[in-house]
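Colleague: This is the structure, below, for whatever I ask next.
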Amino acid sequence: MAEAAALSLAPTDARWRVALMAGLLASAGLPLYVHLPRFVAALGLPLASVGGILLALRVLDFVQDPLLGRLVDRMRSRAGGLAALALLSLGGGFAAVFAAQPGLWLMATGLVVLFTAYSLGTILLYALSVEIAASREAGPHLNLAAWRESGALVGVLVASVLPAFLAAGLGLRAGYAAFGIVMALAPLVVWWAARPLWAGIAPRAAAPPALRPLIAAGGGWLLALALLNVLPVAVTATLFLFFVEDHLRLGPLAGAYLAGFFLAAAVAAPGWAALARRFGTRPVLAAAMLLAIAAFGWAAVLPAGAAWRFGAVTLGSGAAVGAELVLLPALFAALLARHDLPEGLAFGLWSFAGKLALALAAALVLPVLSLAGYVPGTAPDPAAARALVLGYAVLPCLLKLLALGLLLALPRKVF
């Protein structure tokens, strides 16, 4: 790994630019899944069709994420051009979907552009963060990851609340149109601010696209851990609104709970990174997993109306997620740096693992809830209520315990 990649920037300059870009990219991830159903309903488009489009996009990710990773490896000397392509396409996708407010097929085209730009930008940023950190040790990667993931969480929070804020003042459709315009212009600012990041990326011959070196170095263990560790969060994200609205009967507080979750994650992330530098990544990550298990377990016994107690659950689980978002990618980045592995292909697989977890969560829990008789928006009968609690709180505990076991079983070479 070329030490010249430390860039001509001061470390803090590089970190805030990475955080800014991560925040913009993250606005095209989870927030879109929060807002698209409401937006599509306002346009009068069939929800089932848009759901089918989103499912087809996950199939597209299966093919394109590794290919985009390979593209990043081959064109690392043109990282600035790839960043410009990703960010400007992201802005165009936001404009096409939310500002133009098109029909179904143009909506599908806009979403393809938007999600492809999100994938390219995310893989590029994570892959080249390995070189921006310029170290074979975990410490600098943990430091950079803390800034990057805190920025991403702030971006998720802003993009989650901004459409509702604009809609309250302008009306639903006009509010979403204004959101589309803001998100079309923001990439221009971020691209300008992030340009110095790519100046120090050293050209390097792309390694052959082989998985064997990554697996031999221990990357397969971390990819498996990433998938298994994200599954509980994906399950709770899928069922969050159902649990808050139909079990706790606290629907008006759902937005506040979401904001608290992301704020807790963003605030806790730097602290977890500091603890990992002092005590080691494995014990700190294990402590975060235990915190998540405690939070999920407490949620399982909460009755309707337990507003403050569920607020504590939200803050605890958010803080735990802050650790996982920082520590796991930093471990992966440090492993790639130690073994001089192609970062683009590796983070293409990493990106796909996270998206696969979201798809698996929906495939696991939604059909089971339907079979149990649960109907969203209605008071569930005892069997449906039990299935909702088991899905939201108990299943994540079990999955997190499996992830904890895998973490403890990781070979020393991974760390």
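Just so you know, all these numbers are worked out from the coordinates, no wet-lab data involved. Remember, it's a predicted structure, so these values are computed and weren't measured experimentally. For neighbour counting, all protein chains shown are included, and Cβ atoms are generated from backbone atoms with ideal geometry for every residue, glycine included.
Colleague: Name the residue, out of Arg282, Arg249, Arg38, whose mean-square fluctuation peaks in a Gaussian network model built on the chain with Cα pairs under 10 Å.
Modeller: Its mean-square fluctuation being the largest, the pick is Arg38.
Colleague: Sorting Met289, Met75 on the 10 Å Cβ count, fewest up front, what's the list?
Modeller: Met75, Met289
Colleague: Something else about it: Hey, fewest Cβ within 10 Å first, where do Lys355, Lys400, Lys413 land in order? All intermediate terms of the calculation are to be shown ahead of the outcome.
Modeller: Details: Lys355 19, Lys400 27, Lys413 12.
Final ranking by Cβ density, sparse to dense: Lys413, Lys355, Lys400.
Colleague: Using a 10 Å cut-off around each Cβ, can you sort Thr314, Thr378 from fewest to most neighbouring Cβ atoms?
Modeller: Thr378, Thr314
Colleague: Taking 8 Å as the Cα distance limit and 6 or more residues as the minimum spacing, I'd like the relative contact order of the range 9-204 as a percentage.
Modeller: Worked out over the range 9-204, it gives 42 percent.
Colleague: Something else about it: Between Leu341, Leu106, Leu82, where does the largest GNM mean-square fluctuation fall for the chain, given springs only between Cα atoms within less than 10 Å?
Modeller: Comparing Leu341, Leu106, Leu82 in a Gaussian network model of the chain, the most mobile one is Leu106.
Colleague: Taking the radius of gyration and the Kirkwood hydrodynamic radius from Cα positions alone, what is the Rg/Rh ratio for the range 9-204, to two decimal places?
Modeller: 0.99
Colleague: Which whole-number percentage describes the relative contact order of the chain, with Cα contacts under 8 Å and a sequence gap of 6 or more? Could you put the intermediate results ahead of the total?
Modeller: Working: 644 pairs, mean separation 111.0, N = 415.
Taking the mean separation of contacting Cα pairs over the length of the chain, I get 27 percent.
Colleague: Grab the DSSP H runs of the chain that are 4 residues or longer, score each as -39,500 (n - 2.57), total them, divide by all residues and round the 222 nm result to the nearest 500 deg cm²/dmol.
Modeller: It comes out at -26500 deg cm²/dmol, rounded to the nearest 500.
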